[in-house]
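The values are calculated or read from the model by the stated rules, or taken from the named source; none is laboratory data. Keep in mind the model is a prediction, meaning the values are calculated, not measured. Heads up, the Cβs are rebuilt from the backbone with ideal geometry, glycines too, and the neighbour counts pull from every protein chain shown. Just the protein is used for accessible areas: all its heavy atoms, side chains included, with ligands, DNA and RNA removed. Shrake-Rupley method; radii C 1.70, N 1.55, O 1.52, S 1.80 Å.
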Amino acid sequence: MSNILWSKALVPGPEINEQPYTCEYYGEQIHIPRSKALPIEERKAPLPDRKVYRSMSRSGVLLSLACLEGTAAIQPFLDISPFSVGIYCAIENGPVDLESTRKMLDVSREDFAEQYRKVRNPKMFLMQVTNLAPAQMGIFLGIMGPLNVYNSSTYGSIHALRQAEADLNAGRVTAALVCSAFSFENPLVLERIRRQNLHERILCEGAAALLLTADEKHSEWQDINFDETESYYGISHQIITQL
């Protein structure tokens with residue numbers, strides 16, 4: 001099993017009361033009976049560059065907050081070579097801007113282009129790009145090694161852990177930053193989770209990061225039982241459960 005030099009998890013604490021989740025754009029069509037959100041406002045998050053909020057999803061902000069906690073642990077590897085640290089991130093595609101979509105519902109074909117320019121901010125597309133969140137986090141930390149992104153809602157965290165260990169043991173990287181973040185931005189993703197994975201558990205926002213180095217043992221990450229938990233953290237579940 002890889003050595004875990006440092007780890008961090010951002011999850012709702014016991015002081016956060018569970019609440020039912022509904023979405024104003026879908027009404028009661030999407031309803032999660034038990035959920036916990038992190039008490040973090042994106043625009044108030046302490047990120048190094050204030051301008052990035054315009055193009056970062058909530059998941060991206062949570063990811064950076066978790067990984068920035070590991071700056072001191074990561075820096076010695078970067079001092080030797082900024083290319084020696086790899087990023088292995090499990091994260092969903094970013095959210096569609098539902099507010100602008102709703103405004104376009106009754107627009108005619110003739111007026112579509114003009115109205116779309118008025119209600120749709122082009123920067124909103126950047127929030128949908130899967131690799132933007134870990135790329136921006138890597139810029140914050142000064143990591144210039146390989147960037148790997150996995151967006152399988154069920155197995156993304158396992159894919160990240162397995163590839164990180166493979167690259168460490170093969171000597172392709174000296175250290176691996178395995179990370180993930182999950183938020184309540186996309187109601188359709190939450191509904192899919194409710195139907196397929198949630199069962200009676202509490203759906204929670206969360207983010208986590210692990211800094212790994214190699215040893216000579218092989219880990220079967222997928223053999224760990226991740227189902228017997230009170231909470232479920234979406235694509236981040238397996239990494240958060242490690243902690």
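Values as computed for the structure displayed
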{"read-out": "Highest average packing first - 14-26, 147-159, 168-180, Cβ atoms within 10 Å", "value": "168-180, 147-159, 14-26"}
{"read-out": "Cα centroid separation, region 131-147 to region 29-68 (Å)", "value": "17"}
{"read-out": "Percent accessible area from carbon and sulfur atoms, the chain, protein chains only, probe 1.4 Å", "value": "50"}
{"read-out": "Candidate lysines for bridging to Lys51, where Cα separation is under 20 Å - those fewer than 8 sequence places away on the same chain excluded", "value": "Lys123"}
{"read-out": "Dipole magnitude (debye, nearest 20) for region 107-239, charges at Cβ of Lys, Arg, Asp, Glu", "value": "640"}
{"read-out": "Helical mean residue ellipticity (222 nm; -39500 (n - 2.57) per DSSP H run of 4+; nearest 500) of the chain", "value": "-9000 deg cm²/dmol"}
{"read-out": "Accessible area in square angstrom per residue, the chain, 1.4 angstrom probe", "value": "51"}
{"read-out": "Cα-centred dipole magnitude for the chain, charges only on beta-carbon of K, R (+1) and D, E (-1), debye, nearest 20", "value": "740"}
{"read-out": "Coil-residue chymotrypsin sites (Phe, Trp or Tyr not before Pro) of region 63-114, DSSP, other Cβ within 10 Å capped at 14", "value": "Phe83"}
{"read-out": "The chain: equivalent-ellipsoid semi-axes (sqrt of 5 x gyration tensor eigenvalues, Cα, Å)", "value": "32, 22, 15"}
{"read-out": "For the chain, share of DSSP beta bridges that run antiparallel, in % to the nearest 5", "value": "55"}
{"read-out": "Region 39-171, dipole about Cα centre (Lys/Arg Cβ +1, Asp/Glu Cβ -1), debye to the nearest 20", "value": "420"}
{"read-out": "Cubic angstrom per residue, convex hull over Cα atoms of region 59-157", "value": "118"}
{"read-out": "Zone residues, region 35-63, relative to Leu188, backbone N less than 20 Å from point 7 Å out along Cα-to-Cβ", "value": "57-60"}
{"read-out": "Furthest towards positive pole of dipole, Phe184, Thr174, Asn3, structure part the chain, Cβ charges", "value": "Phe184"}
